[in-house]
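To start, the structure under review is shown below, and the notes come after it.
Taken together, the values in this text are just the output of simple stated rules run on the coordinates, not laboratory data. Source: prediction; values computed, not measured. Don't worry about glycine lacking a Cβ; one is built from the backbone with ideal geometry, like all the others, and counts go over all protein chains shown.
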Amino acid sequence: SYRAYEDHDYLFKLVLIGDSGVGKSNLLTRFSKNEFSLQSKPTIGVEFATRNIHVNNKIIKAQVWDTAGQERYVLLSIHFFSADFDLDFFDLASFEDLARKDLGPLFLGFSMYRAITNAYYRGALGALLVYDVTRHVTFESIKKWLKELRNHTDDNIVVMLVGNKSDLRHLRAISTEEGKAFAENENIYFMETSALESLNVENAFAEVLTQIYHLTR
Ligand code: GDP
Ligand code: MG
């Protein structure tokens, strides 16, 4: 039968988002290959990795997308718009304003950003929203990432807030309670992970995939 040629029952697309350096790429390699790297190699181009996991006797293929440096564009847009535009960088009026003010290169940057972002989020059923528990600024960015996510995806997307680098106990800047409270307030899941110590990485991905599985049935 047709099934015999497939290695999975379901294919779920997940996206990893969050500031640069929080550990997205290492969470992905830990999940997909059980590997970790101490050096930070910037992700070039849109990358994804897949892995099959079992949920309720079904095989779910997780296709996980890793950001391709579009963090840069978001940060850029936040800097330029935070004063006047209420962070709404998808507002067409803002784009026209940009063009009118002869901000050509910036405009091009935004167009690229938009094209990449649209492709990135298209069809995503789940998202891991990652911050670094040792850097408060990455936790503050979560609001902006969540807003971007909501702008680009269906309302029923399964979202998990992930506080990564929980192994760096002496450097912690955001408490578990703070992360949990934020997630509860936004009605999203929450977990703390360490890609280095391989702590909760499997659980975080499995929980998101399981919740998607329950929603799609
Ligand atoms: P990305 O920019 O979000 O993809 O972050 P990377 O995965 O490239 O990681 C950035 C840096 O943080 C690298 O030096 C990693 O080795 C380090 N890193 C990632 N995850 C962890 C973790 O769980 N614990 C610790 N201590 N370092 C981590
Ligand atoms: Mg990366």
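Data table
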{"quantity": "At most 15 other Cβ within 10 Å, DSSP loop - GluC sites (Glu not before Pro), region 126-217", "calculated": "E197"}
{"quantity": "Gained length - L11 relative to L215, 0.36 nm times residue gap less alpha-carbon distance", "calculated": "72.1 nm"}
{"quantity": "Segment N203-K180, length gained on full extension (0.36 nm per residue, minus Cα span)", "calculated": "6.7 nm"}
{"quantity": "Cross-link table K13/K58; K24/K165; K24/K147; K33/K144; K24/K61, entries beyond 22 Å C-alpha to C-alpha", "calculated": "K33/K144"}
{"quantity": "FRET efficiency estimate (nearest 0.05) - Cβ-Cβ, D154 to F36, R0 35 angstrom", "calculated": "0.60"}
